[in-house]
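This report concerns only the one structure given below.
Any read-out appearing in this document is the output of simple, stated calculations on the displayed coordinates, not a laboratory observation. Owing to the predicted nature of the structure, the values given are computational and were not obtained by experimental measurement. Cβ: placed from backbone, ideal geometry, glycine included. Neighbour counts: every protein chain shown.
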2 protein chains.
Amino acid sequence: MPLSSTQLDAALGFADAHMADSLARLRDLVAIKSISTDPAYKAECQRAADWLVADLKSEGFEASARPTPGHPVVVAHGPAVIGPRVLFYAHYDVQPVDPIELWNTDPFVLTQVTQPDGEVHLVARGTSDDKGQLLTFVEACRALRATTGTLPVNITLCLEGEEESGGKNLPPFLASARDELKADVALVCDTDLLDPLTPSITTMLRGMVAEEIEIICADKDLHSGMYGNAARNPNQVLAEIIASLRNSDGSVAVAGFYDDVREVDAATKASWQSLGFDDEAFLKDVGLSIPAGETGRSVLEQTWSRPTCEINGMIGGYTGDGFKTVIPAKASAKISFRLVADMDPDKIRAAFRAHVRARVPADCSVRFTEHGGSPAIAVPTGGVYLQQARAALADEWGRQAALRASGGSIPVAGDFKRILGLDTLLIGYALADDRIHSPNEKYNLKSFHKGIRSWIRVLAAFAA
Amino acid sequence: MPLSSTQLDAALGFADAHMADSLARLRDLVAIKSISTDPAYKAECQRAADWLVADLKSEGFEASARPTPGHPVVVAHGPAVIGPRVLFYAHYDVQPVDPIELWNTDPFVLTQVTQPDGEVHLVARGTSDDKGQLLTFVEACRALRATTGTLPVNITLCLEGEEESGGKNLPPFLASARDELKADVALVCDTDLLDPLTPSITTMLRGMVAEEIEIICADKDLHSGMYGNAARNPNQVLAEIIASLRNSDGSVAVAGFYDDVREVDAATKASWQSLGFDDEAFLKDVGLSIPAGETGRSVLEQTWSRPTCEINGMIGGYTGDGFKTVIPAKASAKISFRLVADMDPDKIRAAFRAHVRARVPADCSVRFTEHGGSPAIAVPTGGVYLQQARAALADEWGRQAALRASGGSIPVAGDFKRILGLDTLLIGYALADDRIHSPNEKYNLKSFHKGIRSWIRVLAAFAA
């Protein structure tokens, strides 16, 4: 159902005029502590799903929270219209907030903080990843419906509650709801702008393999005076295993790790170079100055097109105040690998486990826990929806939308392709300095506002 | 004031007859949660000191709790008599109780558990280390006074409250109380029997250097998707530093670490071999089978006469339930070195710090926190008090007392030598399987009972 330019302007004007209402809804949604990885917040995840269902119903969607073995998936269908079918994805769950003492404000109270340059930050857990981004689309639908009485295309929303905790229940859910989720193109709002002025469509994403390992030595904690030297120390064993994961040139030392890794083609490399990414500024923003990782590769190349291995957490022995001369019985680490195109998560997981097993001393043992995995994805850049979206973004931002890669992993894009046969357009308005997963996460008010306006234009473009 | 054999028998009989009272006092003392390393338990440490003062006063000591910048030192003087002066040391503080979920009973409730072999275990935090041992001496004094009206020798008690947390306030206190603590010999009750049937006097103890290091990389936690590879991961840096502390032959890799380490002389080695220590059984007791540490050295040799480096705790990043793809801003570890004779704690600390600093990448930083240090000690084995004590122990246990070493560190023995010019006899009744510093710590009822009787005999022997 094509929109006239008057209708488009009316929808954009509605979004502008009702920003206070949109912000109030964002405030309500971030106040719900939907930390999916921590079982203590299970009820909060359900509450976030219920809130979305109620909100979507209020604007004419047929919406419900579908149970899964984990947190629910919210599915909502807009009115049937003549035009293409769009499947929109975002997630309503958030990361834990620790270390809580580093937050300047309550992580669950949306706080507007005006910066010296006039930019307004919306500070709270999940504003950028991903509740604020999720609502840009919902608010765009609201503006379109309020001004045109319907939506320009057939829209189905699929809002996940386990993106931050492995997301293992989404693929079976997608498979079970294949008919209901049929569409012509998928949209995902969980990525960044290239910079505050440049919209972008992410066409390459790294995949991930997440593992937890526990090294078990003695069957009880030991006194380091009585046993030190003679008894194997699992902290030492674990540290040696972790140290063994990287070569001195910064490459990952797991056998076969790079077997399926291809160099990025020259054209893509050239297009990335033209983006003017500033390695130094990127690191300086977080208090660093020297790129780690593989020697001789730029920051952009490393985070967009090279796999990595990161130690996300490790713990063993006494870690409280003061000192305790203990040799602990066990030590553990959470380790993840970011993958690039053609790397097989199962193969990498197996190679990692073999690498670890080969380094566990004879009378110690290791326990592995899987925390999810997904391959990298690459979206074809020639499709019609991508061209339409790119033009719509250019209209809103006044400049060409960049086609970029991202170092993060958004498994759902791969799931949509594999299970639903859909190509995904990854369009988001977050910024690299949004501190997602960290204390004081924020989303720029401008991201939120222009994000809503961008979706209005993109949906209108699809209907044209 | 020499005791007749009738008087000695009366004192021993009194101890036997009043075991229930002695156990009730042990129950009361272990109920006080005097965890010195955790500031949350400061008042409990004071309460333990006050309890001891009241108890010692009730049996005729002039006792008081002396304030220090940390927890108080309890000092008590027995009645002046004709005879040698003895300074007795033990400590009333205990280790933390975590992991609390591994305790079978409340760590602060003295629980008597009868074993299949009829042995009775006194289970609670501190029964073995060191409240039960402390009370063996106090109860011995009580029995002697109850039956002879006085004590056979001049006794001063010095009971510390910071042995488990670095003990940095004891040396200045000893220096300030030098005149008051003057004695002919010091007794310390904080060591083990060689085995359940063999009393022993420990003549060699390892020293210790305890350090905490914190590796700081970025100025905030980062998302591993966006920064993974490009940003330095402090978990990885810390693991590499820890891994670098040991060579592949199990020796400590800090430069100069073994410079002052001498091999144990042939006579001592021979005497240790005669003790019939079973490496395999020692490790099997804790679920291990293969000695770690330096290749080609026995467990006894390694724990008694070789220095070590142990990672007592390490933590970095997300360690809760589930998974969080974070690159943390920092990671830290608690690391201790056990030292042998002639190693200088200051020199080892400096060498360790240099080793670490050389491995911190250019734009990361390291912060060191000192957690105490003390040299190893060796007690001359020819002194008259040692001979008298050895004979008294043989009378009680029916077999020769072993002269042994220990892998633990008891800094006070060095302090007594350095500050008070005193040689120390280390006599204790704990056992290697007492699970000190671990869940379900216990002290055998037999250790407690025969410990009391042993001290009665030792004090009587000093008065002869």
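For the pair A:SER289 and A:VAL109 in one chain, pulling the backbone fully straight at 0.36 nm per residue adds 61.5 nm over the alpha carbon distance. Here is how far apart the B:VAL113 label points are across copies: 5.1 nm, shortest first, using a point 7 Å from Cα toward Cβ. Can you tell me what percent of all Cα-Cα pairs in the protein assembly as shown are more than 36 Å apart? The calculated P(r) of the protein assembly as shown puts 56 percent of pairs beyond 36 Å.
About its Cα centre, chain A has a charge dipole of approximately 580 debye under the convention of +1 per Lys or Arg Cβ and -1 per Asp or Glu Cβ, with nothing else charged. Computing FRET efficiency as 1/(1 + (r/R0)^6) for A:LEU197 and A:ILE82, where r is the C-beta to C-beta distance and R0 is 22 Å, gives about 0.05.
Counting 0.36 nm for each residue step from B:ARG399 to B:ASP117 and taking away their Cα separation leaves a gain of 99.3 nm. Close amide H contacts of A:ASP221 (hydrogens built in the peptide plane, cut-off under 5 Å, sequence separation of 5 or more or a different chain): A:ALA329. Work out, step by step, the length gained on full extension between A:ALA40 and A:LYS57: first 0.36 nm times the residue separation, then minus their alpha carbon distance; give nm to one decimal. Going from the current span to full extension adds 3.3 nm.
Using a 7 Å projection from Cα along Cα-to-Cβ, the label point at B:SER274 is separated from the same position in the remaining copies by 8.8 nm, smallest value first.
The residue list A:VAL326, A:GLY296, A:SER336 was ranked by how far each Cα lies along the charge dipole of segment A:290-336 toward its positive end, using unit charges on Cβ atoms, and A:VAL326 comes out on top. The charge dipole of the protein assembly as shown, taken about its Cα centre with unit charges on the Cβ atoms of Lys, Arg (+1), Asp and Glu (-1) only, comes to about 160 debye.
When the C-alpha to C-alpha distance is required to be over 22 Å, the pairs from A:LYS42/B:LYS220; A:LYS57/A:LYS442; A:LYS324/B:LYS182; A:LYS334/B:LYS220; A:LYS57/A:LYS450 that qualify are A:LYS42/B:LYS220; A:LYS57/A:LYS442; A:LYS324/B:LYS182; A:LYS57/A:LYS450.
Under the convention that each Lys and Arg Cβ holds +1 and each Asp and Glu Cβ holds -1, the size of the dipole of segment B:359-464 around its Cα centre is about 260 debye.
Whole-Hz Karplus values for segment A:123-134 come out as 9, 3, 4, x, 4, 8, 10, 9, 5, x, 5, 4 Hz, taken residue by residue from phi with 6.51 cos²θ - 1.76 cosθ + 1.60 and θ = phi - 60°; glycine and proline positions read x. Distances, shortest first, from the label point of A:GLU62 to those at the same position in the other copies read 9.5 nm; the point lies 7 Å along Cα to C-beta.
The phi-based Karplus calculation (6.51 cos²θ - 1.76 cosθ + 1.60; θ = phi - 60°) puts the 3J(HN,Hα) values of segment A:112-118 at 8, 10, 7, 7, x, 8, x Hz, whole numbers, x for Gly and Pro. With Cα atoms defining each centre, segment B:241-301 and segment B:128-195 are spaced 31 Å apart in the structure. Taking amide hydrogens as placed 1.01 Å from N in the peptide plane, the amide H of B:GLY313 sits under 5 Å from those of A:TYR318, B:LYS334, each at least 5 positions away in sequence or on another chain. Over chain B, dividing the summed -39,500 (n - 2.57) contributions of all DSSP H runs of at least 4 residues by the number of residues returns a 222 nm mean residue ellipticity of -10500 deg cm²/dmol.
What FRET efficiency do you get for A:ASP50 and B:GLN273 if R0 is 56 Å and r is their Cβ-Cβ distance, rounded to the nearest 0.05? The pair A:ASP50/B:GLN273 has a calculated efficiency of 0.15. Taking label positions 7 Å along the Cα-Cβ direction at both B:SER5 and A:ALA17, the computed distance is 11.3 nm, reported to one decimal.
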